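Any read-out appearing in this document is the output of simple, stated calculations on the displayed coordinates, not a laboratory observation. Predicted, not measured: the structure shown is a model, and the values here were computed from it. No Cβ is skipped: glycine too gets one built from the backbone with ideal geometry, and neighbour counts run over all protein chains shown.
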Amino acid sequence: MSAEYLLPPDWMVRLERMSLGSAKRVAGTLQGKRRSSRLGSSLEFADYRPYAPGDDIRRFDWGVYARTGKPFVRQFMDEQELIVSLYVDCSASMDFAGGTRGREGDGNEAIPSKLRYAKQLAASIGYVALCSYERLQACCFSSQIDARLPVLRGRGAAHRLFRFFQDAAPGEEGSLAAAFGAPGAMPRLPGMTWIFSDFWLDEREEDLGLMLSRLRGAGQEVVLVQVLAPEEIDPAYSGDLRLIDSELGTGKDIAFTGKVLRAYQDELERYQEYLMKLAADRGMTFIRVSTDMSLQKAVFGVMAEAGLVIA
């Protein structure tokens, strides 16, 4: 299954020129493109390890290969990779879409669901990491870890990343605290963790804060990416409607008036400020994107301006 099924056809070349804007200095176990906190100069040899597809061919040791017939690459003390973890919210509330957005030179196109848009963003960040020889792992969650992709490395593993996200189906009720509370859900080594979610979660706000504190305590540089549909940001409803909870299946009759819409906007603004403060207090990054925003604007605009990706 090709990358174009998930990402625009011309997207890959642009991503290959990017790198992740991590501030971490990580002591990893394999060579990569960023400086670790371990002592030693950039030319200080550390060890050999077997060659794997996607490894930097410049580290290939032809002398060892000539003597043994086995492929090995050299490792250096302070050239270690970042460990990147991607978590995509696949709860039922993410499976929401509607409307159209403008497409340059070709009229309008349907706005993707929040889930598909989150998958596209996660796949883009994952591809940047793989092209930078970082180690990458990915998970889909609802109220538990629904699917997990083992650690990948190198551009050659990109098709496995894309297939993983393409195959991920929406689940049911979502809870970040419950999902990360399961054994083995937290990243085992320090690194960079990205969470893509609408953050409409079935949990107390204090539980969400506690979980994020645990992530920070595990040595993670955390990026929270809130994905919302335009109707959630600026609803244009009116009249008597029945709203159905996509995760619980319960309904509520609402008379949409100006007063009700203002109350909703006030609560949305309060919750946004809470999420931003939650992230800021823990040294994390929080950004919000809308599904009517092009991928180019989300990645090269919002994420680049936040210093999360670098050309």
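Ordering 49-56, 171-178 by mean Cβ neighbour count within 10 Å, with the highest value first, yields 171-178, 49-56. Please compute, over every Cα-Cα pair in the range 152-311, the percentage with a separation greater than 18 angstrom. Counting every Cα pair in the range 152-311, those more than 18 Å apart make up 70 percent.
Take peptides 143-151, 296-304, 112-120, 264-272 and line them up by average Cβ neighbours within 10 Å, highest first, as a rough protection proxy. Kindly include the intermediate steps, with their values, before the conclusion.
Working: 143-151: 15.6, 296-304: 17.8, 112-120: 23.8, 264-272: 12.7.
Most protected by this proxy first, the peptides run 112-120, 296-304, 143-151, 264-272.
Convert 37 °C to kelvin, take the viscosity as 0.692 mPa s, use the Kirkwood radius over C-alpha pairs of the range 83-221 as Rh, and evaluate the Stokes-Einstein diffusion coefficient in µm²/s, rounded to a whole number.
Taking Rh from Cα pairs, D becomes 210 µm²/s.
Structure note, pairs K252/K297; K259/K297; K119/K252; K114/K277: Cα-Cα distances above 28 angstrom occur for K252/K297; K259/K297; K119/K252. Protection proxy ranking, highest mean first, for peptides 216-225, 199-208, 57-66: 216-225, 199-208, 57-66, where packing is the per-residue count of other beta-carbon atoms within 10 Å, averaged.
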